[in-house]
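Please read the structure below before turning to the comments.
The values are calculated or read from the model by the stated rules, or taken from the named source; none is laboratory data. None of the values given here were measured: they were computed from a predicted structure. Quick reminder, even Gly has a Cβ in these numbers, built from the backbone with ideal geometry, and neighbours come from all protein chains shown.
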Amino acid sequence: MHGEPQEQHRWLEQLLGEWTVTSQDPTGNASSDQDWVEKVRSLNGLWVVCDGQGAMPDGKAGETLMTLGFNPETGRYVGTWVGSMMTHMWVYDGELEDDGRTLALNCDGPDFESPGRTARYQDRITFVDANHRTLTARVQNEDGSWKEMMRAEYRRR
């Protein structure tokens, strides 16, 4: 099976390059006193691989790895996220919002407030401009509303 890049794959190409990442918790406080660096590369125009490295709030080194692609058969963006700070692999299913700038990636994972339960999460990648994007991580409350957990600013290096 040979895949050819579609328009949706080309949207993901905006992520390519090297980025400086500064993250905040929901109160606006920096989650680390050091910036992270994310390097994003393409796999034959069909997938992007985002490799992040930086310091955790406790000062220890951290790494993250995100993959993103588009499945023409389902019409959905797909991907994964793993980090050196946890054992869960997050599996994404998402769509581009009507604004054309925001990719909403849905996933299920462990409920951080209720051990043994799962919760619905969403990571939102939004392009402010060609050299600035944000990532907002949020969790869905029981009433269906969303609570922001973390926000990161990405600036092209």
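Say we look at region 109-147 and pick out the residues that are among the acidic types (Asp, Glu), exposed (fewer than 14 other Cβ atoms within 10 Å of the Cβ) and over 24 Å from residue 14 (Cα atoms); which of these is nearest to the chain's Cα centre (by Cα)?
Only one residue fits best here, namely 113.
Does region 63-80 contain at least one residue that is within 16 Å of residue 150 (Cβ to Cβ) and surrounded by fewer than 17 Cβ atoms within 10 Å (Cβ to Cβ)?
Scanning region 63-80 turns up no residue that is within 16 Å of residue 150 (Cβ to Cβ) and surrounded by fewer than 17 Cβ atoms within 10 Å (Cβ to Cβ).
Just wondering, is there one or more residues in region 44-60 that are surrounded by fewer than 13 Cβ atoms within 10 Å (Cβ to Cβ), modelled with pLDDT of 95 or more and at negative phi?
no
So residue 109 fits all but one of (1) closer than 19 Å to residue 67 by Cα; (2) at pLDDT below 95; what number is the exception?
(2)
Considering only region 58-107, state which residues are touching an Asp or Glu at 6+ places or on another chain (Cβ under 8 Å) and farther than 22 Å from residue 43 by Cβ.
Correct list: 104, 106.
Which residue, of 64, 20, is at pLDDT 95 or above and under 12 Å from the mean Cα position of the chain (by Cα)?
64
Just to be sure, is residue 93 under 28 Å from residue 4 (Cα atoms) and loosely packed, with under 12 Cβ neighbours inside 10 Å?
no
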